[in-house]
Amino acid sequence: MTTPTETRGDAAPAKATGRPRADAQAGREADGKIVHRLDQHIVEIVSDSGEGAQTCGKIFGTVSARMGNGVWTVEIIPAEIEPPARSPAGASGNRIRLGSREVTNWGDYTNLVIAFNEQVLLARHRAGALAPDATILLEDMWKRHDDPDILDQWSAAMEELGSADYRIIPVPMEKECLEVVDDARRGKNMFALGVLSAIYGRDRELLEGAIARRFAKKDDEITRRNVELLDRGMRWAEGHLDFQIEVPPTSDASAKVVMNGNQAIALGAIAAGLELASMYPITPASSVSHYLAEIFQDYGGILHQAEDEIAAAGVAIGASFSGKTAFTITSGPGMALKTEFLGLAIMTETPLVVVDVQRGGPSTGLPTRVEQSDLLAALFGQPGDAPHVVLAPATIEECFHSMVLARRIAETFRTVVIVLSDANLATGVQPFPRPEPRAEWQGSPPDQGAVPDGARPYEWDPRTGLSTRFIPGQEGGQFTATGLAHDEESHVAYDPQVNQRSSRARSRKLAVLQSTLTPPPIYGEGSGDLLVVGWGSTKGAIEEAVERARAEGLSVSSTHLTFLSPLPPGLTEMFGRFGRVMTVEINYSDEPDDPFITPENRRRGQLAWLLRAQTLVDVDCWTRVMAEPLRPGSIHEVIRDRLAVTGGVA
Amino acid sequence: MSTATCSLLRMSVEEDRSFELDDYAGPVARWCPGCGDHSVLAASQRLLREEQLAPEKTVFVSGIGCSGRFPHHLGTYGFHGIHGRALPLATGVKLHRPDLNVFAVMGDGDCASIGAGHWVHAVRYNTDMVALMLDNHIYGLTKKQTSPTTPQGYRTNTQPHGSFLPSLNPLTATLGITNASFVAQTAEWIPQHLQATLRAAYRHRGFAFVRVLQRCPHYTLSMFIDAVRDPDKIELLVHEDGVQVDGLEKIYEHVRPHDPSDLDFARRLAEEDSDPEHPIRLGVFFRDPSRAVYDVIRRVPSRSAGEKVELLNRELDRHAI
Amino acid sequence: MPSEQRVDLVLSALQGSLEGFRSAVARAVDEVRAELERRRQPAGVPPDPQALGALASRIMDPGRFAGLFAEDSLLDPEAYALLEQAHEALASLDAADDRMFVESIPEGASLRDAVEAGLGRLGVAFGAARVAELAREGRHRTNGHAGHLSHFPPPSWNRAERGLAPPLVVETPGATLRAGALAEFLDGAQKLVLVVQGAAPPAPLVRLITPGVLVVQTKEPEELGRLADFEGPAVAALFPEGSGAACFTHDPSAGTGLAERMAVEELPEVSDLRPVGAISAAQQAEELAQLASLSRVGAAAPAAPSTNGHAASGGGDSARPADRLAAWLLRQANLRDLG
C-alpha cells in the first residue's frame, strides 16, 4: 500500500494546484506578461519572526476576500518564541489559498512563495510545504553579504533547493526599501505585499484602506510610509516580473464575514447567550479568551482566568448551577485535568459547555499543531458511566453556530456538551456567510419563579429522562446537588434501585436527543463503491478530494458527522449502501501491513473505532498525524488506492 | 442586590417574610454522635436566622469528606461537589450570581491538601463568601489517614509510626497570601464563640476564612481533650472589630486584645499558634475590609437580548468583507 | 445654562441609578419574551428552523426538538394575551431614552401630582412585571390588571420594588416648590432631583431632612452623583447658578451625629425674602431659620463652611424662637444625637 503524504514528492500535484507555468493553458499575453488564469492558487509569505510577514499575509488575505475570492489562510508559526535571525526554526508568516469559489481547506502545496531570506525558505522546503515547481521570490541581498558565513549558508541552501524544480526569482527587497525607510526590516513586509498585489492584481484602494486600518492606532506618517512601500513593491513587480496570476472572484455576492475559528467560537458563545467563560491559558485555545477578554464585558459577560484547568471547570459549573449555562475553553491536557469535574456536571445534571481546541498529543504533544486525537477521550474519558454530548464543528462558520446549539442542548438536556474544535480551525481564516444573531439564541434569564409545590429537582420523566432544573433563587426549590448517587429529591441514595433508575435517566437523554437528529447529508451519490466518513476540520479537504475523484468517474461519496455523541441516526443503513466505508482522520492508526499488525490488534482511527462498535460495519480508516491538516491531494490518492485505480493522479 | 440578576417578575410577588430555624433545616444529619460538624451546622442555622437570609438565596458549597455532607442538612440550596474543589464551585456561583449568599464548607484535607491550590487563590481573589475549614486534623470518612494538619507523631493508618512532618498551620498560610482580608479561628465546643465568629465572617465583605477546630469522636478526640476540659488552654483574641462574646472571659480568662487590622501582629500570633505548648487562640486574627473583592471588581452590567444582538451585529460588521 | 442642558447633566450624574433600573427592565423584557416563546401556542405554529441556529437547521429536526417540550407549554389565551401586553409595556420602557426619567411641571401645577405621575409612569415596569408573573402562573384576574400597564404609582409598590425605585428628575418652576409634599415618596431607594427654574424659595428641602434621607441643595450638577451612590432615599434640588438659594447636604452615610451629617456650604441673607408664587416669605424664613439652626449644630464641628456670612457663624443662641422650633422639630425627627 502506498502512503501518499510520505511520498508526495513523487506525486507532483501540478495541474490540480494550478502552477503558473509558461505552458499553462489559460496563459495569455497582457502588457508583455503572461497572465495565468487559474481557479485556485496557494501563496505564502515567509520571514524571520518579527519582520511582519504575518501582517502582510493577513492584509493580502483580507483584501482577497473583499475582492470576492474564496480564501483560506493558515499562519506559519515559528517553532520558538524568539528564534535567532535567519534560522529555519524562525520561519514565520502566512499561507493563503485563493479560489474562484468557496475555499474550504488549506489545499495541497504552495505555488508561490515570497521569502525574506533563504533560511526560512529552506524551512518551508524541508517541511514539504512547497509544490515541486513552485515560483519563489527571494530577497537576494544575502548572496552579496559581507559576512562569509552568510555567503556559505546561501550557497549551501541554493544547492539544497536546487534539488527541486523551483523557479527562483531574486528580489532586491532591502535595496528598494532603503529608498523609503532607514530600517528595511520594518518595511519589507509592505514591499512584499506590493509585489504580491501586483502579481495577483489586488485592488490598490482596498489595500490602502486595509493598511490604514492596520496602523490606525499609530500616526498617519506610518500609514503613508507603508503605502509608499506598497507602491514601490507594485512598481517593482510590474517592471521586473514576466507573469501575472488571475484568480477570478466567486459569483457569490452574499454578505460575509472573515475570521478564524477561535474568534468564531468567541462570537458564537456570545450569540448563544453564554455569559461566563472560565479558562486557564493553553495553546491553541487561549486566543478564544483573548478575544473574549476584549469584548465580553460589553455583553454583560465575564471571562475568568482561573488558577488552573480544574478550577476553570469548577467555576463554570458553579456558575451554571446558579444561572445561565457557562463554558470553559481548553485543549487536550486541560481536558485531562477537568475530567473529574465533567463527571460531577454530568452526575448533577448541571449544564456545561466545554470547548476543546484539539492539538497534537498525548501529553504536551504538539501544542500548536492540529490533531483529532481527543475524540475517544472526549467521549469516554470520564470514569463511571457519564453520558454526555460531543459535537464537532467542521468549518469556521460551524465554530460559531455550534456554540448556539451546544448551549441550547446543554440547558435543555441538563448535560455536558463538549465542542471539539482543533488547531486547524482555530488559526485558519476563512470568509463565511454572515451569521444573523437572534434574540431567541440568548435564551431566558435564569428562572427565578417559585417552584411548584411537590416538584422535585430530578423529576426524571420515565420516558425521556428529562427533568426541570431548579436554580438558586427559586423559592421552594432548595436542594443540594451532589456527585453521590441520588434520587429524585437529590437525596443520597441508599436504595439499590435508585442508581439503576438514575443511570437510565441520564443515558436516556442521549437517545432522546438522537431522536431529534437527521441522518447526516451525503456529499455525492447516496450509494456507491466507497464512502469516506469524516468529522471536524477535515470536511473541506475530504469533499475536495471526493470531488476530484468523482470527476475521474470514481464511485465515491463522503459524509461528515457533527454529532459524535449521540451519533446521528441511519448510519448502519447508509453504510450498507456502499461497497466500502472508511474514515479519514488526523489521529494515529496502525497501518494494516505493518509488522505485528493484524486485523484483531490493529488500532484504528478514533472515529472508525466508534463506528465499528456502534454499527457493526467493517469500517476501515486512513489517518495521519503529520502535525498539519490533511491535503485534499493526499486524500484523493487514498481514495484511488482504496478503489485500486492504478497510475498517477491525472 | 446585583442588577444583573434581580428579577422584576419575582420582586413583584415578593412578600415580607421572616424565617425561623425550621426554614433552614434539611434532612437529619447522619454524622457520628459527638462529631463537631453537628455544632457547626447548628451555629450556621442560627446565623441564617439571625441574618434572616432567604433560604432560596443562600448556597452552601462543599467538597468531599464528612464535611461534604454539610449542605444536605440545610434548607438552603447546596452543591456537594468533589474533593478539594468546593472553592472553584463557590467562586463560580458568586461570580455569576452576586445576589446569592455563598458559604463554602471544607475539611482539613479538602482545603489544605487536595484543594490547597484553590485555597491559595480563593484567598487572593477575595470573593465575597464565608469559607469554613472544619479542621479535625484527620481524614475521618476514609478511616483515619494523615491530613496536613495532623500533629507530628500522631499515629494514623497511613503513617502508623506517627505523622512524619510538623502539621501545616492554616492560619499562617492564609495570612501569608496577598489580598487576604479575613482570617479567624474558633472551636466547635464553644458554641457562643463559634456563633459570634460566623457572624463576623458573614458580615465581612470579602473572603472570610474561618478555621473551626473540631473533634472527630472516633479518631482525634484525644487531641482536643485538654483544650476542651481546661479553659486555660485557650486564649481569646478580642476586639470591637473582631469577636467579643459577653461573659465568655469569665470562663476563658486568657484574653488578649488584638486589633485585627494589624497584619504583622496577626502573623506573629498565628505563628505561635503552631506551638502545641501554647494556648489555642480563638478570634479574628486579621480583617481588612478595604481589600479588593473579586466579584465586585468583576461585576458587569446586565444586557438585554436585544442589546446584545445589536452589539453583536456591530461586532460582526467589523469582520465583514 | 439652559434647563435642557442642566437636565442632561443631572441624568448623567444619576447614571448609576438609571442603569440599575434599566437593566432590571431589560432583564424583565428578556424573561417575558422567553416565556412568550416557550408558551407559544403550539397549534399550527411551525417551529422556527433557526431557533437552534444555522448548524442545527442542517442536521436536526427542529420540529421534533420542540415537540419534546410541547405539552407543558400551553397557556390559556387570556393569560397569553396579558403576557404579550406586559411584554409590550416593558419593551417600550426598555426602548425609551433617558428622557423617560424626566417630568416637567407647568407653572401652577402641583409638584406632588407631577412626581406621582412620573413615578406612576415608570412604575409600569413593576406593574407589567406583576401582570406577567400572575399571568404565567395562571393567577391573573379577568380584566383585572389593565391599569397596571399604564400607571403604577409608588403606593402600589412593594418593599423590593421600592428598593429598585426608578429615579425621577423633575423640571419645576420655583413657585411650585412645596417640597414637604414629597416626603411620602422618600422611601426605599427613591431618588428625586428637582431642577429648579426661575424665582424659588431659598431652602425648600430643609423640610425633608429626616435621619435616613440624603438631602442636597446645590447649584453644581456634578454634586448629584452622590445620590446615585447612596443606598437609601434621596432628594436634591438643583438651583440655577447665581440664584440666592442655600446650598447644603444632609448625608446620613457621613456619620451618626448631625454635626457630621450636615454640611452647609451657602446660607443666604434672610432680610429681603419675598413671596414666590403661593409660598409666603414667612414660610421661606422658617425654612432658612431651620437650616441656620441645623448648620449651627454642624458648626460645632468646624467642618460646616459658609460662604455667606453671619447666619452660619453665630454660636448657639437657643433662646431664639427659631432655634427652639428647630430643636423641637429635630427631636420629633428622632435625632437624639443633638446633644
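So here's what we get for this one:
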{"item": "Tail weight of P(r) past 22 Å, computed on alpha-carbon pairs of the range B:1-94, percent", "result": "36"}
{"item": "Surrounding net charge for A:ASP529, when Lys and Arg each add one and Asp and Glu each subtract one, Cβ distance under 12 Å", "result": "+4"}
{"item": "For the range A:522-642: Kirkwood Rh in Å [reciprocal of mean 1/r, alpha carbons]", "result": "14.4"}
{"item": "Alpha carbon centroid spacing (whole Å) that separates the range A:79-114 from the range A:485-509", "result": "53"}
{"item": "Computed accessible area, C:SER104, all protein chains, 1.4 angstrom probe, square angstrom", "result": "70"}
{"item": "Protein-only accessible surface order, largest first, of C:TRP157, A:TRP154 at 1.4 Å", "result": "A:TRP154, C:TRP157"}
{"item": "30 Å Cα-Cα reach of A:LYS33 towards lysines, excluding residues that sit fewer than 8 places from it in its own chain", "result": "A:LYS15, A:LYS58, A:LYS143, A:LYS175, A:LYS188"}
{"item": "If the convex hull is drawn through the Cα atoms of chain B, its volume per residue in Å³", "result": "159"}
{"item": "Percent of Cα pairs exceeding the 39 Å cut-off, where the set is chain A", "result": "36"}
{"item": "Percentage relative contact order, the range B:8-318, counting C-alpha pairs under 8 Å, at least six apart", "result": "16"}
{"item": "Estimated vicinal HN-Hα couplings, Hz - the range C:170-180 in sequence order (Karplus 6.51, -1.76, 1.60; Gly, Pro = x)", "result": "10, 7, 9, x, x, 5, 8, 6, 9, 5, x"}
{"item": "For B:54-64, mean number of other protein chain Cβ atoms within 10 Å", "result": "4"}
{"item": "Principal semi-axes in Å for the range C:146-237 [√(5λ), Cα gyration tensor, largest first]", "result": "23, 16, 12"}
{"item": "Where Rh is the Kirkwood radius over Cα pairs, Rg/Rh for the range A:33-246", "result": "0.94"}
{"item": "Relative contact order, percent, chain A [alpha-carbon distance under 8 Å, six or more residues apart]", "result": "12"}
{"item": "For the protein assembly as shown, convex hull volume per residue from C-alpha positions, Å³", "result": "231"}
{"item": "Accessible-area composition of the range A:447-516, carbon plus sulfur, in percent [1.4 Å probe]", "result": "46"}
{"item": "Three-way shape call for the range A:141-195 based on the alpha-carbon gyration tensor, with the a/c threshold at 1.5", "result": "oblate"}
{"item": "Shielding by other protein chains, B:293-301, mean Cβ within 10 Å", "result": "3"}
{"item": "Charge sum, other residues only, whose C-beta stays under 14 Å from C:PHE248's C-beta, Lys/Arg counted +1 and Asp/Glu -1", "result": "-2"}
{"item": "Relative counts (whole %) of C-alpha pair distances in the range A:257-442, using bins that are 10 Å wide", "result": "11, 43, 38, 8, 0"}
{"item": "DSSP beta bridges in the protein assembly as shown [antiparallel fraction, %, rounded to 5]", "result": "30"}
{"item": "Interface size A-C, as summed buried accessible area [1.4 Å probe, Å², nearest 100]", "result": "2400"}
{"item": "Tensor-based shape of the range B:133-280 (alpha-carbon gyration tensor, a/c under 1.5 rounded, otherwise prolate or oblate)", "result": "prolate"}
{"item": "Where C meets B: accessible area buried, both sides, 1.4 Å probe, Å²", "result": "1800"}
{"item": "With every protein chain in place, the range B:158-272: carbon and sulfur % of accessible area (1.4 Å)", "result": "49"}
{"item": "Accessible area (Å², per residue) of the range A:447-516, counting only protein heavy atoms and a probe of 1.4 Å", "result": "45"}
{"item": "Average other protein chain Cβ within 10 Å of Cβ, residues A:294-303", "result": "5"}
{"item": "Heavy-atom surface of chain B, accessible at 1.4 Å and reported per residue (Å²)", "result": "39"}
{"item": "Protein-only accessible surface order, largest first, of A:LEU484, A:LEU137 at 1.4 Å", "result": "A:LEU484, A:LEU137"}
{"item": "Summed buried accessible surface, chains A and B, 1.4 Å probe, nearest 100 Å²", "result": "5300"}
{"item": "Neighbourhood net charge (12 Å Cβ-Cβ; Lys/Arg +1, Asp/Glu -1) for C:ASP187", "result": "+1"}
{"item": "Probe 1.4 Å, protein heavy atoms only - accessible area per residue of the range C:94-179 in square angstrom", "result": "37"}
{"item": "Largest-first ordering by accessible area, 1.4 Å probe, given options B:LYS308, A:LYS217, A:LYS256", "result": "A:LYS217, A:LYS256, B:LYS308"}
{"item": "P(r) tail fraction, the range A:447-516 - alpha-carbon pairs more than 13 Å apart, %", "result": "65"}
{"item": "Pairwise centroid distance, computed over Cα atoms, of the range B:111-134 with the range B:289-321, Å", "result": "28"}
{"item": "Centroid-to-centroid separation of the range A:422-440 and the range A:150-190 [C-alpha atoms, Å]", "result": "36"}
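The values are calculated or read from the model by the stated rules, or taken from the named source; none is laboratory data. Just so we're clear, the structure is a prediction, and the values are computed from it rather than from any experiment. Reconstructed Cβ throughout: ideal geometry from the backbone, glycine too, with neighbour counts over all protein chains shown. Quick note on the areas: whole protein, heavy atoms, side chains included, nothing else; ligands and nucleic acids left out. Shrake-Rupley method; radii C 1.70, N 1.55, O 1.52, S 1.80 Å.
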